[in-house]
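J.: Would you mind keeping the following structure in view while I ask a few things?
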Amino acid sequence: MRPEAIATKEATFAEKLTAGGVKYSDCGSTDIGGGFSVRSIRPPEQTYYYGTETAKKAICLHFTVGYIMSDVAALSKAGNHVSVSYVVDRGGRIYELFPDNYWSYHLGSGTVGGNAAMSRQTIGIEISNYGPLTPMSGKMLDCYGNEYCKADETSFYDTCEYRGKKHYASMSAEQEMAVASLVKHLCAKHSIPMDFALDGGVFPSADVALSFNGVFFHTNVRKDKYDWPMTDSVMRMVDLCMAKEPEPEPEPEPEPEKVSEPVVTPAAPAKPAPVATTPPAKPWWKRLLDAIESFLDRL
């Protein structure tokens, strides 16, 4: 199935929540940061996982070899007990099929460390993806013999020789970011170190597998699996997981409130006090005449 057709199927499932003739209930969403949320969905019969709480020490990444409707239907078969907590589609939508503190078998027979023990202590994430592709007549065919893309549409696949295969369907950019956000969220929630098993090889012993504390791939516990080779797409996702969140910019210090100074009106200049003056003294002859007049008045 071509990526464009997959996108249409994913949009239809997101709207109708119907797969394999089963209607799933929408049980709400949880924001996990990075612009992504987890949508919890459940079928009517929930007998595909064990409702027993188990401590988690690792995360295992798978690919489904299919598209979202077939993926969800296969992972929620009543009574099958082969499932994972999370499925991530190409559009970056994350679906939770059961709470991640419960468990279901997801690693299979021949798992290093044992299927039951490793499944109990790990959280499974299925990435909706068609996996290995085969070139033929200018086309890239999926494992079902259908055209996935043209050979020159290299944005839809990675070239990486691994276990006899050379071409693998890549994750979309939205899918890479969604998986990284989910891994970060789960590592923080369950105190799982952000350590990846990136050598592409199988754990050398059961003890090493059981003691591993971090993020590994299905290929690390099974020699017969292809999910995942270290493709460019996978390494971009790992880089996103390892990238530190940008530090929030400090809030600017509030400017001190300006206190307006009172307006001082200059006082009017004081008027000079009047100066007392002494009239000038009269001349002697004037004083003599005044005295004569005064004497005559008394006669």
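J.: Taking the stretch 165-198, which residues are under 30 Å from Ser211 (Cβ atoms) and in a loop (DSSP other than H, G, I, E, B)?
T.: Across the stretch 165-198, the qualifying residues are Met171, Ser191, Ile192, Pro193, Met194, Asp195, Ala197, Leu198.
J.: Oh, and also: Identify the residue in the stretch 31-60 that is open to solvent by 50 Å² or more (accessible area, probe 1.4 Å) and in contact (Cβ under 8 Å) with a residue 60 or more places away in the chain and, among all such residues, is farthest from the chain's Cα centre (by Cα).
T.: Among residues in the stretch 31-60 that are open to solvent by 50 Å² or more (accessible area, probe 1.4 Å) and in contact (Cβ under 8 Å) with a residue 60 or more places away in the chain, the one farthest from the chain's Cα centre (by Cα) is Ala55.
J.: Right, Ser211: buried (at least 21 other Cβ atoms within 10 Å of the Cβ) and of a type outside the set (D, E, K, R) or not? I'd like the intermediate steps shown before the answer.
T.: Values: buried (at least 21 other Cβ atoms within 10 Å of the Cβ): no; of a type outside the set (D, E, K, R): yes.
Here the answer is no, as Ser211 does not meet what is asked.
J.: Only residues that are touching a residue at least 40 places away in the same chain (Cβ under 8 Å) and farther than 30 Å from Asp100 by Cβ: list them for the stretch 118-158, please. Outline the logic, then answer.
T.: Within the stretch 118-158, the first condition is being touching a residue at least 40 places away in the same chain (Cβ under 8 Å), and the residues that meet it are 118, 120-132, 142-143, 146-149, 156, 158.
Of everything in the stretch 118-158, those that are touching a residue at least 40 places away in the same chain (Cβ under 8 Å) and farther than 30 Å from Asp100 by Cβ turn out to be Asn146, Glu147, Tyr148, Cys149, Phe156.
J.: Follow-up question, since we're still on this one. Can you tell which of Ser211, Ser233, Ser137, Ser205 is within 29 Å of Gly35 (Cβ to Cβ) and modelled with pLDDT of 95 or more?
T.: Ser233
J.: OK, next. Can you pull out the residues in the stretch 1-23 that are acidic (Asp, Glu) and open to solvent by less than 50 Å² (accessible area, probe 1.4 Å)? Lay out the reasoning, then the answer.
T.: Step one: filter the stretch 1-23 for residues acidic (Asp, Glu), giving 4, 10, 15.
Matches in the stretch 1-23: Glu10 only.
J.: Turning to a different aspect of this structure: Restricting to the stretch 121-147, name every residue that is of a type outside the set (Asp, Glu), in contact with a helix residue (DSSP H, G or I) (Cβ under 7 Å, 6 or more places away or on another chain) and part of a strand (DSSP E or B).
T.: As a first pass, look at the stretch 121-147 and keep what is of a type outside the set (Asp, Glu): 121-125, 127-141, 143-146.
Filter again for in contact with a helix residue (DSSP H, G or I) (Cβ under 7 Å, 6 or more places away or on another chain), leaving 123, 125, 127-128.
Across the stretch 121-147, the qualifying residues are Ile123, Ile125, Ile127.
J.: Which numbered condition trips up Gly110, out of (1) assigned to a loop (DSSP other than H, G, I, E, B); (2) open to solvent by less than 40 Å² (accessible area, probe 1.4 Å); (3) touching a residue at least 60 places away in the same chain (Cβ under 8 Å)?
T.: So the condition that Gly110 fails would be (2).
J.: Follow-up. List pairs: first residue in the stretch 90-103 and on the phi > 0 side of the Ramachandran plot, second residue in a loop (DSSP other than H, G, I, E, B) anywhere in the structure, Cβ distance under 8 angstrom, at least six positions apart or on different chains.
T.: Gly92/Ser172
J.: Does at least one position in the stretch 195-209 carry a residue that is under 23 Å from Tyr95 (Cβ atoms) and touching a residue at least 40 places away in the same chain (Cβ under 8 Å)?
T.: Step one: filter the stretch 195-209 for residues under 23 Å from Tyr95 (Cβ atoms), giving none.
No, that holds for no residue.
Rundown of residues vs (1) over 26 Å from the mean Cα position of the chain (by Cα); (2) closer than 16 Å to Ser170 by Cβ; (3) open to solvent by 10 Å² or more (accessible area, probe 1.4 Å), yes/no style:
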position	(1), (2), (3)
Val88	no, yes, no
Glu96	no, no, yes
Tyr105	yes, no, yes
Met118	yes, no, no
Ile123	no, no, no
Pro132	yes, yes, yes
Leu141	yes, yes, yes
Lys150	yes, yes, yes
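Table: residues versus (1) among the hydroxyl-bearing types (Ser, Thr, Tyr); (2) open to solvent by less than 40 Å² (accessible area, probe 1.4 Å); (3) under 15 Å from Leu17 (Cβ atoms).
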| site | (1), (2), (3) |
| --- | --- |
| His62 | no, yes, no |
| Met69 | no, yes, yes |
| Val82 | no, no, no |
| Ser85 | yes, yes, no |
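The values are calculated or read from the model by the stated rules, or taken from the named source; none is laboratory data. Owing to the predicted nature of the structure, the values given are computational and were not obtained by experimental measurement. Glycine also receives a Cβ, built like all others from the backbone with ideal geometry; neighbour counts cover every protein chain displayed. Heavy atoms of the whole protein, side chains included, go into the accessibility calculation; ligands, DNA and RNA do not. Shrake-Rupley method; radii C 1.70, N 1.55, O 1.52, S 1.80 Å.
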